[in-house]
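The block underneath contains the structure these notes are about, expressed in structure tokens.
The values are calculated or read from the model by the stated rules, or taken from the named source; none is laboratory data. The structure displayed is predicted, hence computed values, not measured ones. All Cβ positions, glycine included, derive from the backbone under ideal geometry; neighbour counts span all protein chains shown.
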Amino acid sequence: MAVQLDRVRRVFNNTHVVIAGMDLRIDTGEFLAVLGPSGCGKSTLLRMIAQLAEPDSGQIRTEPDGERFQTAFVFQDAHLLPWRDVLDNAALPLELMGESKARRDEKARAALDQVGLHDALDRYPAQLSGGMRMRVSLARALVTEPRLLLLDEPFAALDEITRFHLDVQLRELWQRRGMTVIFVTHSVSEAAFLANRAVVLARSGGAIKLDRILELPAVRNNELRGDPRLGQEMRLLLGAIEE
Ligand SMILES: Nc1ncnc2c1ncn2[C@@H]1O[C@H](COP(=O)(O)OP(=O)(O)O)[C@@H](O)[C@H]1O
Ligand SMILES: [Mg+2]
């Protein structure tokens, strides 16, 4: 088990029940997509899993082995520091952890290599495209070798071609690293393409309308985009959203 939610409830302003009592278990190594319309509580849920916010009642447990457990969070905006170059942006979490310059440069280089940014190390954020900035953000999340990676609509602001590339890259990273991934999106096609399991949330109250293991091949590449099996999964997810 990586994450377990028991009867989790979150209310804003005493009256606005965003999540009314959610039970959800996410196993180690899963790639879970959390899908639902804007405002349904996806970010609220993810922030609680990241322990950036607390539920009003109920319980969220993350992997029992507290010491080795590590979480990284990727937001829709890359949140890079404009006065730092790519290498120093990616190395930031290690700096905060007190690692030596040599160690953190080595690890940041390796992470940037994995997202295809090895030849942009000394560029500054203003000199990067939106897709490259998001790659730096991903690399920065990966430098600490998290076992749980939480992503909140990370590619939503990018153009479709860039998003397609990043989808494939993220899948490969997940396969290589064996981490648990929770990916929040409002895109049916992105959820189906990326995930092994998808959870669809109701428009209000955070009820789980569908919890499904996707019947798709393990290797996801752009050929799959036109595959009828992907279309079938998308129809099922969309049906649950519109129900
Ligand atoms: N800090 C907050 N205070 C009050 N209301 C909030 C707060 N955060 C989120 N909400 C409300 O909770 C609902 C769910 O928000 P959110 O989790 O951001 O949805 P999603 O990420 O699915 O778009 C929305 O109606 C939003 O306005
Ligand atoms: Mg959100």
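Before moving on, here are some points about what is shown:
- Scanning segment 84-103 for residues that are over 26 Å from His165 (Cα atoms) and either modelled with pLDDT under 95 or of a type in the set (Val, Ile, Thr) (or both) yields Leu94, Glu95, Leu96, Met97, Gly98, Glu99.
- For segment 164-194, filtered to residues that are hydroxyl-bearing (Ser, Thr, Tyr) and within 16 Å of ligand 2 (Cβ to nearest atom), the residue that is nearest to Gly41 (Cα to Cα) is Thr185.
- Filter result for Leu52 (away from ligand 1 (no atom under 16 Å from the Cβ) and either in the same structural domain as Leu216 (by TED's automatic domain parsing) or within 20 Å of the chain's Cα centre (by Cα) (or both)): no
- Where strands (runs of 3 or more DSSP E) fall wholly inside segment 4-78, the ranges with 1 or more residues that are under 22 Å from Ala202 (Cβ atoms) and within 13 Å of ligand 2 (Cβ to nearest atom) are 16-26, 31-35.
- Against the conditions (1) part of a loop (DSSP other than H, G, I, E, B); (2) touching a helix residue (DSSP H, G or I) at 6+ places or on another chain (Cβ under 9 Å), Gly205 satisfies every one except (2).
- The sole residue among Glu172, Glu190 that is among the charged types (D, E, K, R), without any contact (Cβ under 8 Å) to a residue 24 or more places away in the chain and over 20 Å from Ala50 (Cβ atoms) is Glu172.
- From the list Ala198, Ala207, the lone residue that is modelled with pLDDT of 95 or more, of a type in the set (A, V, I, L, M, F, W, C) and under 18 Å from Gln4 (Cα atoms) is Ala198.
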